[in-house]
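Step one of this worksheet: look at the structure below.
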Amino acid sequence: MDTFILFINAAVLAGTPLLFGTLGEILTEKSGNLNLGVEGMMFMGAVSGIASVFLLEMGFGFDMPGFLAVIVSIISAFLIGAFGALIYSVMVVSLRTQQNVTGLALTIFGVGFGNFFGEFFGRHSPIGFMRISSRAQEGFANLSIPLLSDIPILGPLLFSYNILVYLAVVIAIAMAFFLNRTRFGLNLRAVGENPATADAASINVTRYKYLATCIGGGICGLGGMYIAMVTTSGVWVHNAVHGFGWISVALVIFVTWSPKRALLGALVFGGLSILRFYLPLGIPMQLYDSFPYLVTIFVLVITSIRQSKEHSPPAMLGDNYFREER
């Protein structure tokens, strides 16, 4: 039982950055925009989250309290991720460039942006690399919730994670409610399904696409910040995101564009990513790394066979909308 609990804990922690990336891309794709720049926005969020705390500590000469470090990192990572998505939105929504190419360009830009500034600030650090203080890092440590954390089995399984894990869960629940139970969420889905009809119904298609894409990009940025602050313990590691954005794009398909299923999907993919530490089969590590993608292919095949409307992508996903062509 102890091994099972440890495995679930590790799977949740490994799956949280994937959950952020998946939720951000789900919101984006619900508007009809296919943004393949998730990897780039996560890189931008990673370097912004850690650099904001690092530069403030170095500039003011004090160790930042943990709660303040969390707030600063969340705000900076969200804003820089949203900025990356804004670049994509201007190109795709306003200038109507090809979505796949623009998303790939954003990934290339974001990866270069993250690695460049991560190394640049590190070289100008007294210690030769970018690292936040131990006091600031305490804000990203696992919590111990009084009474709840002490419950046998359920306590370690549900109430022993860092604040960002619970933030990701709250965002998933709120997004599911927004998309299915609110007028604005239904309008957004209408924009992704048939923007011409939504436009005829006086829904501002351009505004919805911009807002959904930029907010989705900000959420993706939080996933990168999680990697920099939790996975690498507040130390900048070159190429830290290393494919998590692409796995998030695959996970969107795995969970069939559902924020609620994203919770389970992130847990499954997180478990697959750390499976080699708990189930050694004597096979090459590269085969372990391929498990999430093999599962995604399997789900794609099953989804294509069933052809369920509920599990299909937005009808106009990847297609630019030009009002004069209605």
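The values are calculated or read from the model by the stated rules, or taken from the named source; none is laboratory data. In this text, all values refer to a predicted model and were calculated from it rather than measured experimentally. Reconstructed Cβ throughout: ideal geometry from the backbone, glycine too, with neighbour counts over all protein chains shown. Ligands, DNA and RNA are excluded from the accessible area calculation, which covers all protein heavy atoms including side chains. Shrake-Rupley method; radii C 1.70, N 1.55, O 1.52, S 1.80 Å.
Miscellaneous remarks
- Estimated D of the range 173-250 in µm² per second, where Rh is the Kirkwood radius over Cα pairs and Stokes-Einstein applies at 10 °C, 1.306 mPa s: 108
- Degrees between helix 259-273 axis and first principal axis of the chain (Cα, 0 to 90, nearest 10): 50
- Basic side chains Lys and Arg get +1 at the Cβ, acidic Asp and Glu get -1 at the Cβ, and with that the dipole of the range 11-148 about its Cα centre reaches some 140 debye.
- 3J(HN,Hα) couplings calculated from phi for the range 77-85 with the Karplus curve 6.51 cos²θ - 1.76 cosθ + 1.60 (θ = phi - 60°) are, in sequence order, 5, 5, 5, 6, x, 5, 5, x, 5 Hz; Gly and Pro show x.
- Exposure of residue 283 as accessible area (Å², to 10), given a probe of 1.4 Å and all protein chains: 60
- Theoretical FRET efficiency, 1/(1+(r/R0)^6), r = Cβ-Cβ of residue 291 and residue 323, R0 41 Å, to 0.05: 0.40
- For the range 153-208: rounded, prolate or oblate by the Cα gyration tensor [a/c cutoff 1.5]: prolate
- Which of 121, 298 is most accessible, then next, and so on - probe 1.4 Å: 298, 121
- Helix-only mean residue ellipticity at 222 nm for the chain, each DSSP H run of n ≥ 4 adding -39500 (n - 2.57), per residue, nearest 500: -22500 deg cm²/dmol
- Solvent-accessible surface (1.4 angstrom probe) belonging to residue 273, in square angstrom, nearest 10: 40
- Seen against the Cα atoms of the chain and their longest principal axis, helix 163-181 is set at about 20 degrees.
- Principal-axis tilt of helix 2-30 within the chain, Cα atoms, nearest 10 degrees: 30
- Per-residue SASA entry for residue 96, accessible area with 1.4 Å probe, Å² rounded to 10: 110
- When you filter the GluC sites (Glu not before Pro) in the range 227-326 for DSSP loop state and at most 12 other Cβ atoms inside 10 Å of their Cβ, you are left with 310.
- Summary of the geometry: the range 11-63 and the range 72-136, compared by the centres of their Cα atoms, lie 8 Å apart.
- The accessible-area ordering, largest first, of the residues 42, 91 stands as 91, 42, per a 1.4 angstrom probe.
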